[in-house]
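Undergrad: Just passing along the structure, written as structure tokens.
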Amino acid sequence: MSQVIAIILTIASVAILCYMLSKKLDIKIILFALGLVLLYCGVFMGNKIKVLQPVDALF
Amino acid sequence: MKPIQVMVDQFTTTLAGPGFVILLLAGYSAYMSYIGANDVTVSGLTSSMKNIKSVYILVPVVFLMGNILSLVVPSASNLAIILLATLYPVLRSTGMSRLTSAALIATSATIVPTPLGSDNVAIAAALHMSTTEYVFKYHAIISIPTLLLMAVIQYFWQKHEDKINQHELSYEEELQQYGLKEANDETNTISGSKGLRFIYGILPLLPIIILIIDFIVGISHGKPATMSVQAVTIISWIIAIFVELFHKHQAKQTLKDTNIFIKGMGSAMGIVVLLVAAQTFVQGLNAIGIMRMIQTTMMHIKGAGILLPLIMVIFTVIIVLLSGSGVALTFALIPLIVPLAKSAGIAPQQLSVPIQLAGNLLRAVSPVAAVVLIVSGSTHLEPVQIIKRTSVPMIGGLIIMLILSFWLL
């Protein structure tokens with residue numbers, strides 16, 4: 001069940017991100033907002049929240 | 001409160017790590033503009049390019065040059081920051097469009113074969129062969145032809161897109177529109193002997209020159225390069241201050257001018273916040289468990305036969321597009337390469353090379369990749385516009401890489 005929720009949340013958040021990007025809105029606040037919503041969803045799903053990836057992983 | 005703490009953690013780690021590199025290089029670039037060194041470099045380099053009939057000839061050259069430079073500066077985002085500060089004004093002054101210049105810088109670090117790459121070292125160890133053997137026998141025979149063909153695709157794609165978007169800002173208009181011209185108006189002009197202009201012309205390129213020297217010295221002594229981009233930038237700044245002191249003989253004014261460096265650092269804060277925002281989004285995806293889920297699925301794919309590399313590349317693409325990086329995934333999969341390849345009845349390198357190269361290629365197509373966000377923030381372009389320019393060469397490269405892997409490995 002949690003896997004289905006994770007897939008739905010991912011698709012929804014990526015869709016929102018793409019829509020906002022197409023509207024040329026400020027991407028910073030969108031990324032922060034989506035990130036926080038997903039983090040809270042993770043908490044409600046009972047997942048352990050920690051800084052999983054080192055920041056270098058983005059590079 | 002934990003999600004908020006994750007955000008705070010992201011701010012502190014980014015500011016202390018990659019954010020600091022961005023701030024330092026932005027400060028150095030602002031100082032170089034102020035003392036007039038950038039103008040000397042740009043006019044020197046563009047005058048030597050005057051004989052080039054079409055600016056598009058530079059597209060494959062710059063793309064390949066950027067990739068060679070990634071041997072010296074392996075981090076895609078660090079290299080992009082350096083190139084934005086040094087190469088971008090030159091490319092724009094030669095008449096190259098903003099989007100083409102941005103796309104070339106965003107794709108500067110891709111798949112250059114190097115035995116110094118940490119991923120190559122780890123994969124070679126897992127495959128029980130020397131790093132040199134892995135890189136030159138398997139990695140290079142795929143990556144070098146792919147890079148060359150990607151350079152050709154870059155040429156045609158950027159030319160085609162520029163033809164469609166003909167209402168492009170000139171460099172002069174770009175500087176005026178984004179408030180850079182006002183800042184430049186306050187700058188000094190270097191007039192004097194050829195020697196003095198040469199010294200000032202070298203200053204903006206000094207960080208990259210020091211890094212190349214450090215790299216060559218390291219190679220000749222059989223040791224890895226020891227200097228960080230941060231250290232090199234600070235050394236270059238100190239040298240620049242001394243040059244100013246000796247040139248102007250006005251200690252008070254020269255020391256006052258050093259504040260431009262700090263102001264320049266402040267102006268790049270928006271790019272750092274963009275990186276923190278992207279990292280918070282990626283942490284959110286991690287928190288709901290999607291990354292772990294994809295990774296677990298990849299680890300349990302068995303019996304796919306020769307289709308296994310293709311399936312693994314598709315999953316790698318999904319992770320890279322979502323997270324902006326394939327590094328963590330590559331390292332997580334290294335211990336599984338040999339058993340997975342064995343179960344599929346293929347050679348381990350047939351699996352390792354496509355996964356590794358796909359991760360590095362598709363980074364420039366992810367809207368949350370640091371390199372895309374940095375280039376977008378610095379050039380005042382939307383990430384989507386940059387991705388449109390990088391997508392065709394990178395996806396083309398991915399397809400070429402897959403075909404070559406099936407054919408040659």
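The values are calculated or read from the model by the stated rules, or taken from the named source; none is laboratory data. Everything numeric in this text was worked out from a predicted model, so none of it was measured. Here the Cβ is made from the backbone with ideal geometry for all residues, glycine too, and neighbour counts use every protein chain on show. Quick note on the areas: whole protein, heavy atoms, side chains included, nothing else; ligands and nucleic acids left out. Shrake-Rupley method; radii C 1.70, N 1.55, O 1.52, S 1.80 Å.
Undergrad: Does region B:52-60 contain at least one residue that is within 28 Å of B:P115 (Cβ to Cβ) and modelled with pLDDT of 85 or more?
TA: Looking through region B:52-60, at least one residue is within 28 Å of B:P115 (Cβ to Cβ) and modelled with pLDDT of 85 or more.
Undergrad: Quick one: which of A:A6, A:A15 is at pLDDT 80 or above and either open to solvent by 40 Å² or more (accessible area, probe 1.4 Å) or touching a strand residue (DSSP E or B) at 6+ places or on another chain (Cβ under 9 Å) (or both)?
TA: A:A15
Undergrad: Considering (1) within 14 Å of chain A (Cβ to nearest Cβ); (2) open to solvent by 10 Å² or more (accessible area, probe 1.4 Å); (3) within 30 Å of A:A6 (Cβ to Cβ), say which one B:I301 fails and leave the rest.
TA: Every listed condition holds for B:I301 apart from (1).
Residue-by-condition table, conditions (1) open to solvent by 10 Å² or more (accessible area, probe 1.4 Å); (2) of a type outside the set (S, T, Y); (3) at pLDDT below 90:
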site: B:P348; (1), (2), (3): yes, yes, yes
site: B:P354; (1), (2), (3): no, yes, no
site: B:P367; (1), (2), (3): yes, yes, yes
site: B:A370; (1), (2), (3): no, yes, yes
site: B:G377; (1), (2), (3): yes, yes, yes
site: B:E382; (1), (2), (3): yes, yes, yes
site: B:I387; (1), (2), (3): yes, yes, no
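Undergrad: Among the residues of region B:71-80, is there at least one that is part of a loop (DSSP other than H, G, I, E, B) and surrounded by 22 or more Cβ atoms within 10 Å (Cβ to Cβ)? Give the derivation first.
TA: Restricting attention to region B:71-80, the residues satisfying the condition of being part of a loop (DSSP other than H, G, I, E, B) are B:71-75.
Now restrict to residues that are surrounded by 22 or more Cβ atoms within 10 Å (Cβ to Cβ): B:73.
Checked against the condition, which is being part of a loop (DSSP other than H, G, I, E, B) and surrounded by 22 or more Cβ atoms within 10 Å (Cβ to Cβ), region B:71-80 yields at least one hit.
Undergrad: Filter region A:6-36 for residues that are of a type in the set (F, W, Y) and more than 10 Å from chain B (Cβ to nearest Cβ) and give the result.
TA: Scanning region A:6-36 gives a single hit, A:Y19.
Undergrad: A further question follows. Taking the condition assigned to a loop (DSSP other than H, G, I, E, B) and out of contact with any Lys or Arg (no Cβ under 7 Å at 6 or more places or on another chain), does B:P393 pass?
TA: Criteria not met by B:P393.
Undergrad: Kindly indicate the residue of region B:221-257 that is hydroxyl-bearing (S, T, Y) and closer than 18 Å to B:L203 by Cβ and also surrounded by the most Cβ atoms within 10 Å (Cβ to Cβ) among those meeting that condition.
TA: Step by step, filter region B:221-257, then rank; the result is B:T233.
Undergrad: Next up: Every residue in region B:93-115 that is open to solvent by 20 Å² or more (accessible area, probe 1.4 Å) and assigned to a helix (DSSP H, G or I), please.
TA: Result: B:S93, B:R98.
Undergrad: Within region B:110-142, count every residue that is among the β-branched types (V, I, T) and out of contact with any helix residue (DSSP H, G or I) (no Cβ under 6 Å at 6 or more places or on another chain).
TA: 2
Undergrad: Still on this structure, I have one more. If you scan region B:116-152, which residues turn out to be under 19 Å from the mean Cα position of the chain (by Cα) and of a type outside the set (D, E)?
TA: B:L116, B:G117, B:S118, B:N120, B:S143, B:I144, B:T146, B:L147, B:L148, B:M150, B:A151
Undergrad: Oh, and also: Name, by its number, the condition in (1) touching a Phe, Trp or Tyr at 6+ places or on another chain (Cβ under 8 Å); (2) open to solvent by 40 Å² or more (accessible area, probe 1.4 Å); (3) of a type in the set (G, A, S) that does not hold for B:S343.
TA: The one condition B:S343 does not meet is (1).
Undergrad: Would you check if there is a residue in region B:79-97 being over 28 Å from B:I199 (Cα atoms) and either within 14 Å of chain A (Cβ to nearest Cβ) or in contact (Cβ under 8 Å) with a residue 12 or more places away in the chain (or both)?
TA: Yes: one or more hits.
Undergrad: From B:V42, B:V90, grab the single residue that is open to solvent by less than 10 Å² (accessible area, probe 1.4 Å) and either assigned to a helix (DSSP H, G or I) or at pLDDT 85 or above (or both).
TA: Only one candidate qualifies: B:V90.
Undergrad: When you scan region B:15-54, how many residues do you find that are within 14 Å of another protein chain (Cβ to nearest Cβ) and either free of Cβ contacts under 8 Å to residues at least 24 places away in the same chain or in contact with a Phe, Trp or Tyr (Cβ under 9 Å, 6 or more places away or on another chain) (or both)? Write out each step before concluding.
TA: Taking region B:15-54 and keeping what is within 14 Å of another protein chain (Cβ to nearest Cβ), we get B:15-22.
Right, trim to either free of Cβ contacts under 8 Å to residues at least 24 places away in the same chain or in contact with a Phe, Trp or Tyr (Cβ under 9 Å, 6 or more places away or on another chain) (or both) and you get B:16-19.
Result for region B:15-54: 4.
Undergrad: Write out, first by first residue and then by second, each pair whose Cβ atoms fall under 7 Å of each other, whose residues are 6+ apart or on separate chains, and whose first residue, in region B:269-293, is free of Cβ contacts under 8 Å to residues at least 12 places away in the same chain and open to solvent by less than 10 Å² (accessible area, probe 1.4 Å) while the second is assigned to a helix (DSSP H, G or I) and of a type in the set (F, W, Y).
TA: B:A277/A:F32
Undergrad: Could I ask something else about it? Would you mention how many residues in region B:320-340 are within 14 Å of chain A (Cβ to nearest Cβ), of a type in the set (A, V, I, L, M) and either over 27 Å from B:P367 (Cβ atoms) or open to solvent by 10 Å² or more (accessible area, probe 1.4 Å) (or both)?
TA: Of the residues in that region, 5 qualify.
Undergrad: Any chance you could count how many residues in region B:116-139 are within 19 Å of B:A328 (Cα to Cα), open to solvent by less than 60 Å² (accessible area, probe 1.4 Å) and not in a helix (DSSP H, G or I)?
TA: Adding up the residues that qualify gives 2.
Undergrad: Which one of these is part of a helix (DSSP H, G or I) and within 14 Å of chain A (Cβ to nearest Cβ): B:L357, B:L373, B:L404, B:L361?
TA: So the residue among B:L357, B:L373, B:L404, B:L361 that is part of a helix (DSSP H, G or I) and within 14 Å of chain A (Cβ to nearest Cβ) is B:L373.
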